[in-house]
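To start, the structure itself, in structure tokens.
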Amino acid sequence: MNNPIKYDVIVVGAGHGGCEAALAAARMGCSVLVFAINLDSIAMMPCNPNIGGTSKGHLVREVDALGGEMGKNIDKTFIQSKMLNLGKGPAVHSLRAQADKFKYSQEMKKTLENTPNIHLMQSEVVEVLFNDNNAIAGVVSVSSAIYHAKTVVMATGTYLNSRCIWGDVSVDSGPAGLASSIKLADNLKARGIEMYRFKTGTPARVHAASVDFSKMVEQKGDEHIVPFSFESDAESITRPQISCYLTHTNEATHDIIRANIHRSPMYSGEIEGTGTRYCPSIEDKVVRFAEKTSHQVFVEPEGEDSQELYISGMSTSLPEDVQLAMYRTVAGLENCHIMRFGYAIEYDCINTTQLHPTLEFKRFSGFFSAGQFNGTSGYEEAAAQGLIAGINAAAKALGKEPLTIDRSEGYIGVLIDDLVTKGTKEPYRMMTSRAEYRLLLRQDNADLRLTPKSYGYLIDQARYDKFLEKKAAIDAEVKRIEKLVVAPSKEVNALLAEHSSTLITNGFKMAELVKRPELSYEVLESIDTNRPNLPKDVIEQVNIAIKYEGYIKKQVLHVEQFKKLEKRPLPDDINYDEVGNLRIEAVQKLTQIKPQSIGQASRITGISPADISSLLIYLEKSKYKGE
């Protein structure tokens, strides 16, 4: 069957990446067809019931700053909110929210259904179609129906050739018992797309009535809510919160695991895929960190109207009898009733060095990819990629310039650059340590960094004007504070003494007082009689801009050096065999990845400073030859 409608964009998959891709393309005016194996699984949370966390909160804030949906959706559906790392500097502050996973999915589905230009379809895609020039032509569904499109975004999550495993049980299945997509995986491999085999896992879910919370430490949410979305109002989203609980494994837990480690598919050889180092299973923790007598376990509610609790920190693929015995050694879980057993899942994903920074395949025009299909882990990483892939698929269909973000502009830029330049041999997880300019890439200033970049894509005039007003207010107040001189007085010195700060005897610049570690812009309000009434988010930016001015200036200089190398383009048709003094490994890596600039080339694993010098010399010679 040949469908007569030709779509601008087809999105395969409706997880967190697929949803962002579809919404972005539709909001840019494209006709969008979204395929989901089951429409009840849209934006499903098959693993942890939360959004954000260390570095991941940065990604959600950036998705929102660019016009994405994840931040708005979690603001509507969270059941607990907390700002992490407040004891550290603002560069690593990260927002994290427990989601009502059922409402999160329902709310996202409702958003998709009510967005013009989006057509949702419950069906499986089994083949991607290309024309003779390796450009996208469309897709084929399991019923042999053909759907034509200008571009396709692949966001299949962990469903490609997926297999769920626990103990000696192995089932060809995706998360939550949904069907595995085997034919599509075979089709992509037949096209010559290089694939890897990765693994992830999930812990058991237990019934809340069977848990003794009195043996655990209660973990409450923040009293003052900070929204994920820059468009959400804190007061309007504030609601009663549900507590999480902290407990620990112990030697009895570890003894059961050690005694049954031979029954774990991870150690029996049943599992082939590579798992993530940064979110190991409990059996992996016990083996790798044998000296530890306990590990943290967080007991997290999955929804307001559900009795299921997620046992975070105890992901496992051990047999069911071992799981039950193991969980029941943990304080508070002695009589737990397991509703869903933990399992590992293997799936196919791609080698991401096959992609441009736009997330378009180098070999296939109009073919984009995002999320766990790209070898990443996490809802937030998937959403970030889905947004960029969706924007660029739409831009390609509409004849617009693509949108890219570099490492100095956002965590999204770090994520994508790591994937397309270095690739990943294990599930990639975002971490603050991956970002070399993290003092500039804070979660609090994501809108100041990225909202202008999406103006003309997803940011409309009204939001852009509001952004400009905020930026102008910050700049004006920083200038005022830098010029303001505070005269010594009883009132001033009393305030300084109250905060154990050195008293002043002469006129002192307000900005220098703000920079003192024990003081802040807010603390000094009472001695600043002409201070304007400013919103909380503006106050936060003023304080950070002044207090960290020296560090920020240093990092800006580093970014300027970075930008110089990024602006030195490498021709698409360069023959690296002709570049003198390049090592064989360098020629192979450069030919495979085809970096777009000297800067990107310098970040390829295995490329040395000497290789970069050879490239620069070659470019200079080519310039003088007029090539």
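Suppose accessible area is computed on protein heavy atoms with a 1.4 Å probe; arrange Ile584, Ile607 from highest to lowest. Walk me through the numbers on the way to the answer.
Working: Ile584 130, Ile607 20 Å².
I get Ile584, Ile607, largest accessible area first.
Ignoring ligands, DNA and RNA, what accessible area per residue does the chain give at 1.4 Å, in Å²? Please report the intermediate quantities before stating the final value.
On the way: 26360 Å² over 627 residues.
Here the residues of the chain average 42 Å² of exposed surface.
Is the stretch 464-595 best put as rounded, prolate or oblate by its Cα gyration tensor, with a ≥ b ≥ c the root eigenvalues, rounded for a/c under 1.5, and otherwise prolate when a/b is larger than b/c, oblate when not? Could the numbers behind the result be given before it?
On the way: a/c = 4.54, a/b = 2.77, b/c = 1.64.
Note, shape of the stretch 464-595 comes out prolate.
What is the sum of charges around Ala397, taking Lys and Arg as +1, Asp and Glu as -1, for the other residues whose C-beta is under 11 Å from the C-beta of Ala397? Don't skip to the end; give the middle numbers.
Details: positive: Lys6, Lys150, Lys396, Lys400; negative: Asp8.
With Lys, Arg at +1 and Asp, Glu at -1, the neighbours total +3.
Please list 331-338, 527-534, 198-205, 284-291 highest first by mean number of surrounding beta-carbon atoms within 10 Å per residue. Could the numbers behind the result be given before it?
Details: 331-338: 17.8, 527-534: 11.8, 198-205: 24.1, 284-291: 14.2.
Put in order of decreasing packing, that is 198-205, 331-338, 284-291, 527-534.
Go through the stretch 174-241 and name the GluC sites (Glu not before Pro) that are in a DSSP coil and have 10 or fewer other Cβ atoms within 10 Å of their Cβ.
Details: sites: Glu194, Glu218, Glu223, Glu231, Glu235; in loops: Glu194, Glu223, Glu231.
Answer by residue number: Glu223.
Gain in length, Ala462 to Arg191, computed as 0.36 nm per residue apart minus the alpha-carbon separation, to one decimal in nm? All intermediate terms of the calculation are to be shown ahead of the outcome.
Working: separation 271, 0.36 × 271 = 97.56 nm, distance 4.45 nm.
Contour length minus the Cα-Cα distance gives 93.1 nm.
Among Met70, Met339, what's the order by accessible area (1.4 angstrom probe), most exposed first? Kindly include the intermediate steps, with their values, before the conclusion.
Working: Met70 0, Met339 85 Å².
Descending accessible area places them as Met339, Met70.
In the stretch 391-409, which residues have a backbone nitrogen under 15 Å from the label point lying 7 Å from Arg603's Cα in the Cα-to-Cβ direction?
Residues passing the 15 Å test: 404-409.
Give the label of the value calculated from the structure for Cα extents along the principal axes in Å, choosing from (i) 158, 59, 39; (ii) 80, 77, 51; (iii) 79, 60, 50.
Matching the structure shown: (ii).
Heavy atoms only, 1.4 Å probe, whole protein assembly: order Glu401, Glu525 by accessible area, highest first.
The ranking, largest first, comes out as Glu401, Glu525.
Just how far, in whole angstrom, is the stretch 305-337 from the stretch 168-231 if you go by their alpha carbon centroids?
For the stretch 168-231 versus the stretch 305-337, the Cα centre distance is 16 Å.
Work out the charge dipole of the stretch 96-184 with +1 on the Cβ of Lys and Arg and -1 on the Cβ of Asp and Glu about the Cα centre, then indicate which of Ser180, Val142, Gly157 is farthest towards its positive end.
So the residue furthest toward the plus end is Gly157.
Carbon-plus-sulfur fraction of the accessible area of the chain, 1.4 Å probe, in percent?
Values: 13520 of 26360 Å².
About 51 percent, which is the carbon plus sulfur part of the accessible surface.
Rounded, prolate or oblate: pick one for the stretch 389-517, where a ≥ b ≥ c are the square roots of the eigenvalues of its C-alpha gyration tensor, a/c under 1.5 means rounded, and failing that, prolate if a/b is larger than b/c, else oblate. Write down the numbers at each step before the final one.
Values: a/c = 4.61, a/b = 1.99, b/c = 2.31.
It comes out oblate by the Cα gyration axes.
Taking the dipole about the Cα centre of the stretch 300-381, with the C-beta of Lys and Arg at +1 and of Asp and Glu at -1, give me whichever of Leu333, Phe361, Thr316 is farthest to the positive side.
After comparing all options, I get Phe361.
Taking the Cα centre of the stretch 84-129 as origin, work out the dipole magnitude from +1 charges on Lys and Arg Cβ and -1 charges on Asp and Glu Cβ, in debye rounded to 20. Provide the component values of the computation, followed by the final result.
Details: 6 positive and 5 negative charges, 81 e Å.
The dipole of the stretch 84-129 has a size of about 380 debye.
Treat every Asp and Glu Cβ in the stretch 86-163 as -1 and every Lys and Arg Cβ as +1, leave all other atoms uncharged, and give the resulting dipole magnitude about the Cα centre to the nearest 20 debye. If you can, show how the numbers build up before the last one.
Details: 8 positive and 6 negative charges, 101 e Å.
Here the size comes out at about 480 debye.
Helix-derived [θ] at 222 nm for the chain: sum -39500 (n - 2.57) over DSSP H runs of at least 4, divide by residue count, nearest 500?
Numbers: 21 runs with 216 residues, N = 627.
Computed mean residue ellipticity for the chain: -10000 deg cm²/dmol.
Please list, ordered by chain and number, the residues whose modelled amide H lies under 5 Å from the amide H of Ser597; skip anything fewer than 5 residues away on the same chain.
Amide H to amide H, under 5 Å and 5 or more residues apart or across chains, Ser597 pairs with Leu570.
Please state, rounded to one decimal and in Å, the Kirkwood hydrodynamic radius that the stretch 66-155 gives when every pair of distinct Cα atoms enters the mean of 1/r.
Working: mean 1/r = 0.0597 Å⁻¹.
It is 16.8 Å.
What are the trypsin sites (Lys or Arg not before Pro) within the stretch 358-400 that DSSP puts in a loop, where the Cβ has at most 13 other Cβ atoms within 10 Å? All intermediate terms of the calculation are to be shown ahead of the outcome.
On the way: sites: Lys362, Arg363, Lys396, Lys400; in loops: Lys362, Arg363, Lys400.
Of the trypsin sites (Lys or Arg not before Pro), the ones in loops of the stretch 358-400 whose Cβ has at most 13 other Cβ atoms within 10 Å are Arg363.
In whole Hz, what ³J(HN,Hα) sequence does the stretch 397-404 give by Karplus (6.51, -1.76, 1.60; θ = phi - 60°), x for Gly and Pro?
Once θ is set to phi - 60°, the couplings for the stretch 397-404 become 5, 8, x, 9, 5, x, 10, 10 Hz.
Arrange the peptides 88-101, 261-274 so that the one whose residues have, on average, the most other Cβ atoms within 10 Å appears first.
Details: 88-101: 22.3, 261-274: 16.6.
Order by mean packing, descending: 88-101, 261-274.
State whether the stretch 537-627 is rounded, prolate or oblate according to the following rule on the C-alpha gyration tensor (a ≥ b ≥ c being the square roots of its eigenvalues): a/c under 1.5 gives rounded; otherwise a/b larger than b/c gives prolate, and the remaining case gives oblate. Show your work: numbers first, answer last.
On the way: a/c = 3.22, a/b = 2.59, b/c = 1.24.
Here the stretch 537-627 falls in the prolate category.
Place a +1 charge on the Cβ of each Lys and Arg in the stretch 361-421 and a -1 charge on the Cβ of each Asp and Glu, then give the dipole magnitude about the Cα centre in debye, rounded to the nearest 20. Please report the intermediate quantities before stating the final value.
Numbers: 5 positive and 7 negative charges, 74 e Å.
Its charge dipole is roughly 360 debye.
Tabulate in residue order the Karplus-calculated ³J(HN,Hα) for the stretch 324-338, using 6.51 cos²θ - 1.76 cosθ + 1.60 with θ = phi - 60°, rounded to whole Hz; enter x for Gly and Pro.
Per residue, the Karplus-derived 3J(HN,Hα) values read 4, 5, 5, 4, 6, 8, 7, 4, x, 10, 4, 10, 5, 9, 7 Hz.
Got the relative contact order for the chain handy, in percent, Cα pairs under 8 Å and 6 or more residues apart? Could you put the intermediate results ahead of the total?
Details: 1320 pairs, mean separation 103.6, N = 627.
The value is 17 percent.
For the stretch 1-107, which GluC sites (Glu not before Pro) are in a loop by DSSP, counting at most 14 other Cβ atoms within 10 Å? Before the final figure, lay out the partial values.
Values: sites: Glu20, Glu62, Glu69, Glu107; in loops: Glu69.
When the GluC sites (Glu not before Pro) of the stretch 1-107 are filtered for loop state and at most 14 Cβ neighbours within 10 Å, nothing remains.
Can you list residues whose amide H is under 5 Å from Val297's amide H, if they're 5+ apart or on another chain and H is modeled 1.01 Å from N?
Hits under the 5 Å cutoff: Thr247, His248, Thr249.
Lysine pairs in the stretch 69-131 with Cα distance under 20 Å, only those 8 or more apart or on different chains: how many are there?
Number of lysine pairs found: 13.
Mind listing the long-range amide H neighbours of Leu84? Cut-off is under 5 Å, sequence gap 5 or more, other chains count too, H placed in the peptide plane at 1.01 Å from N.
Ser94, Leu95, Arg96
Taking N as the number of residues in the stretch 97-227, what is its Cα Rg relative to 2.2 N^0.38 Å?
Values: Rg = 20.5 Å, N = 131, 2.2 N^0.38 = 14.0 Å.
Against the empirical 2.2 N^0.38 Å value, I get 1.46 for the stretch 97-227.
For the stretch 128-137, what does the Karplus curve 6.51 cos²θ - 1.76 cosθ + 1.60, with θ = phi - 60°, yield as ³J(HN,Hα) per residue in whole Hz, taken in order and with x for Gly and Pro?
Rounded to whole hertz, the list is 10, 9, 10, 8, 5, 9, 6, 9, 4, 10.
Rounded to two decimal places and with Rh computed the Kirkwood way over Cα pairs, what is Rg over Rh for the stretch 148-304? Working shown, then result.
Values: Rg = 20.7 Å, Rh = 19.7 Å.
Radius of gyration relative to Kirkwood radius: 1.05.
Could you list log10 I(q)/I(0) for the stretch 290-346 at q = 0.13, 0.29 Å⁻¹, which the Debye formula gives when each Cα is one point scatterer?
Relative scattering, expressed as log10 I(q)/I(0), comes to -0.36, -1.43.
The values are calculated or read from the model by the stated rules, or taken from the named source; none is laboratory data. Computed from a prediction, not measured in an experiment: that's the story for all the values here. Cβ: placed from backbone, ideal geometry, glycine included. Neighbour counts: every protein chain shown. Each accessible area value is taken on the protein alone, full model and side chains, heavy atoms only, with ligands, DNA and RNA left out. Shrake-Rupley method; radii C 1.70, N 1.55, O 1.52, S 1.80 Å.
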